[in-house]
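The values are calculated or read from the model by the stated rules, or taken from the named source; none is laboratory data. No experiment lies behind these values; they were computed from the predicted model shown. Heads up, the Cβs are rebuilt from the backbone with ideal geometry, glycines too, and the neighbour counts pull from every protein chain shown.
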Amino acid sequence: METKKFNEITRIPLAPLNTPVEPLERLTASIKGAPNLFIKRDDFIGPLVWGNKLRKLEYSFGAAKEAGADVVITCGAVQSNHARTTSMVARRLGIESLLVLNGVEPETARANYLISKMMASKILIVPDKDDRQPAMEEAAKEYRGSGRNPFIIPLGASDMYGTPGFVRAMIELRQQQESAGIRFSHIVVSSSSGGTQGGMEAGKRIAVMQDIDIIGISADESCSGLCKNVVRAANPILQMTGFDTINDSDLFVDDRFTGSEYGKPTAESEKAAELFLTHEGILLDHTYTAKAAAGMLKLIEEGRFSERDNVLFWHTGGLLNLF
């Protein structure tokens with residue numbers, strides 16, 4: 001595997017990773033014509049279901065430490081898993097955090113927002129998602145003006161600093177495949193800001209796993225927007241490690257399951273969540289994993305997979321929003 005240059009990237013270990021891969025035998029048996037279904041349990045990462053964002057933040061905070069940052073700034077929706085996890089990591093590492101969150105502040109703090117209020121040094125609420133980036137840049141300017149050293153972690157940690165977390169995840173999966181004597185034909189994963197799917201696309205090349213098809217099910221973006229996010233996240237790592245860059249034609253993304261609004265369930269996502277719960281005792285969140293599961297079930301129905309295929313559903317966590 002071509003991992004030497006990749007392994008030189010600074011990382012701060014934050015939690016035991018190597019999350020389990022489990023067969024979904026009862027779910028597979030319940031679906032006519034289904035392939036062999038498996039699940040990668042990133043909902044097992046860390047205390048308080050930190051989820052897949054922690055993989056990226058190990059590298060984002062590594063870069064922040066290298067830059068001598070004394071405050072990190074990130075963004076998301078009011079109930080953002082990423083923002084909440086960033087604030088938790090910042091507390092653990094002794095760095096201040098500013099969260100720029102769009103939406104309406106809940107009258108009663110709950111779920112991710114409750115934890116963010118407990119953990120973050122400061123929260124700034126802005127009306128719309130388009131207001132987040134300007135607000136982060138203005139805050140960074142103000143911090144520098146007062147002699148501080150801010151570090152901006154973008155939405156989902158989906159940039160050249162965070163994407164290596166999912167390159168490492170693919171190397172992890174390669175080792176799990178070899179140990180179990182199984183080869184996955186497809187990975188189905190929720191995709192939005194692009195860092196998770198982008199890291200997987202870069203990772204499958206770096207870990208010599210090009211025979212796996214990665215299927216990104218959009219949580220909110222159009223196909224064109226999601227492809228742009230994934231390419232932007234993947235290519236800096238591919239360039240740094242000496243691999244050819246990718247473009248839209250190298251990707252498989254599906255935006256049919258976003259529904260009317262980010263974070264709102266659809267009839268298909270509710271049905272998918274119910275199937276995972278009743279057959280496997282596994283919870284899915286409304287924002288990401290339930291919509292990804294809905295996409296996987298539709299692709300099975302459409303004949304995208306053969307019954308001989310081994311399909312891995314990557315559970316990205318995010319369960320606090322259920323409560």
Revision key, fill the gap. For the range 140-191, the count of residues that are free of Cβ contacts under 8 Å to residues at least 40 places away in the same chain and within 19 Å of MET240 (Cβ to Cβ) equals 1
Check your understanding: Failed condition for SER80, given (1) surrounded by 15 or more Cβ atoms within 10 Å (Cβ to Cβ); (2) at pLDDT 95 or above; (3) not assigned by TED's automatic domain parsing to the domain that holds GLY194, with all others met?
Key -> (2)
Check your understanding: Quick one: TRP50 ticks every box in (1) within 26 Å of ILE187 (Cα to Cα); (2) part of a helix (DSSP H, G or I) bar one, so which box is it?
Key -> (2)
Review point. How many residues are touching a helix residue (DSSP H, G or I) at 6+ places or on another chain (Cβ under 7 Å) and farther than 22 Å from ALA293 by Cβ when one looks only at the range 218-241?
Key: 7
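Considering only residues of the range 207-217 that are touching a residue at least 60 places away in the same chain (Cβ under 8 Å) and part of a strand (DSSP E or B), which is nearest to the chain's Cα centre (by Cα)? If you could, list the steps in order and put the result at the bottom.
Pass one, the range 207-217, residues touching a residue at least 60 places away in the same chain (Cβ under 8 Å): 207-208, 215, 217.
Within this subset, residues satisfying the condition of being part of a strand (DSSP E or B) are 215, 217.
Numbers: ILE215: 13, ILE217: 12 Å.
Ranking the candidates gives ILE217 first.
For the range 68-110, what are the residues that are assigned to a strand (DSSP E or B) and within 21 Å of the chain's Cα centre (by Cα)?
Looking only at the range 68-110, we keep the residues that are assigned to a strand (DSSP E or B), and these are 71-77, 96-102.
Of everything in the range 68-110, those that are assigned to a strand (DSSP E or B) and within 21 Å of the chain's Cα centre (by Cα) turn out to be VAL72, ILE73, THR74, CYS75, GLY76, ALA77, SER97, LEU98, LEU99, VAL100, LEU101, ASN102.
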Review point. Looking only at the range 19-47, which residues are modelled with pLDDT under 95, surrounded by fewer than 15 Cβ atoms within 10 Å (Cβ to Cβ) and assigned to a helix (DSSP H, G or I)?
Key: none
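Let's see how each residue does on (1) basic (Lys, Arg); (2) assigned to a loop (DSSP other than H, G, I, E, B):
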{"residue": "GLN197", "(1), (2)": "no, no"}
{"residue": "ARG205", "(1), (2)": "yes, no"}
{"residue": "LEU226", "(1), (2)": "no, no"}
{"residue": "ARG232", "(1), (2)": "yes, no"}
{"residue": "THR245", "(1), (2)": "no, yes"}
Check your understanding: What pairs can you find where one residue is in the range 95-120 and in contact (Cβ under 8 Å) with a residue 24 or more places away in the chain and closer than 16 Å to LEU319 by Cβ, the other is part of a loop (DSSP other than H, G, I, E, B) and among the basic types (Lys, Arg), and their Cβ atoms are less than 9 Å apart, with a gap of 6+ or different chains?
Key -> none
Check your understanding: From the residues in the range 276-323 that are of a type in the set (Val, Ile, Thr) and within 16 Å of SER185 (Cβ to Cβ), which one is surrounded by the fewest Cβ atoms within 10 Å (Cβ to Cβ)?
Key -> ILE300
Point to revise | Filtered residues of the range 276-316 (kept if outside any loop (DSSP other than H, G, I, E, B), over 22 Å from the mean Cα position of the chain (by Cα) and not acidic (Asp, Glu)) | key: THR278, HIS279, ILE300
Practice item. Return the pairs, sorted by first residue and then second, in which the second residue is at pLDDT below 90, the first residue lies in the range 1-17 and is more than 19 Å from MET160 (Cβ to Cβ), the beta carbons are less than 6 Å apart, and the residues are 6+ apart or on different chains. Key: ALA15/GLY46
